[in-house]
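The values are calculated or read from the model by the stated rules, or taken from the named source; none is laboratory data. Remember, it's a predicted structure, so these values are computed and weren't measured experimentally. Don't worry about glycine lacking a Cβ; one is built from the backbone with ideal geometry, like all the others, and counts go over all protein chains shown.
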Amino acid sequence: MRLLRRQLLVLSPVMAAGSAAAQTGWIVVQSADNSFLVDMPGSPIYKVIDSTTPAGTPFVYHSYSLEYRRLSFVAQTTLYPAEVDVSRPRINLQLALDDRAQRLQGNRWSEVDWRQAQGATAVESIGPIAGGSALRQLSLLKGRRFVSLGYLAPADAMRAPEAERFFRSLRLLA
């Protein structure tokens, strides 16, 4: 199950994230690159994930992940290299949604909500995972800055207080 969680919570098509055993108590997590703050129900594992653009330009994701009870949380960010066209953020975010949908039951999201959040183009989505779980994610693109939150849990926990706190707590800093 850990491997499945890792594969589903990676919110970009070009990387892989880890998971962590949670500590108790909510904390504010600040990204290492000072791009965001988010509340998490314990201390996450921090990883720098190397990636490359389709043209081969290297860049990194900062990833924070943990498992808490029957819930998994991931927060990630990157600053896309100059060669990535971010002039139409909705297209970039749709590509990420389409990639992630390939891992969902039925290969599609059951809910997709486009909006503006903190001056960024954003999309929140929920989709079913085999075995009764679901994935909820929020992805934002503001300029070259990509930030995503992912939450994997039983399908009936998509709006649990822990999920709501996690998603509502996101604050972009840069």
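The residues listed here are Ala75, Ala101; of these, the one that is out of contact with any Pro (no Cβ under 6 Å at 6 or more places or on another chain), crowded, with 22+ Cβ neighbours inside 10 Å, closer than 20 Å to Thr121 by Cα and aliphatic (A, V, I, L, M) is Ala75. Taking segment 110-128 as the range and being out of contact with any helix residue (DSSP H, G or I) (no Cβ under 6 Å at 6 or more places or on another chain) and hydrophobic (A, V, I, L, M, F, W, C) as the test, the residues that pass are Val112, Trp114, Ala117, Ala120, Ala122, Ile126.
Listed by first and then second residue, the pairs with beta-carbon distance under 9 Å, at least 6 apart or on different chains, first residue in segment 19-41 and closer than 20 Å to Ala160 by Cα, second modelled with pLDDT under 95 and β-branched (Val, Ile, Thr), are Pro41/Thr24. Checked against the criteria, Asn92 counts as touching a strand residue (DSSP E or B) at 6+ places or on another chain (Cβ under 7 Å) and farther than 22 Å from Ser169 by Cβ. In segment 125-139, the residue that is nearest to Leu170 (Cα to Cα) out of those that are touching a residue at least 40 places away in the same chain (Cβ under 8 Å) and out of contact with any Ser or Thr (no Cβ under 6 Å at 6 or more places or on another chain) is Leu135.
Taking the criterion of being in contact with a strand residue (DSSP E or B) (Cβ under 8 Å, 6 or more places away or on another chain) and more than 13 Å from Ser139 (Cβ to Cβ), the residues of segment 104-115 that qualify are Leu104, Gln105, Gly106, Arg108, Ser110, Glu111.
Here Ser133 does not fit the description of being under 13 Å from the mean Cα position of the chain (by Cα) and either of a type in the set (Lys, Arg) or crowded, with 17+ Cβ neighbours inside 10 Å (or both). Counting only residues that are touching a Gly at 6+ places or on another chain (Cβ under 8 Å) and surrounded by fewer than 14 Cβ atoms within 10 Å (Cβ to Cβ), segment 29-72 holds 0 of them.
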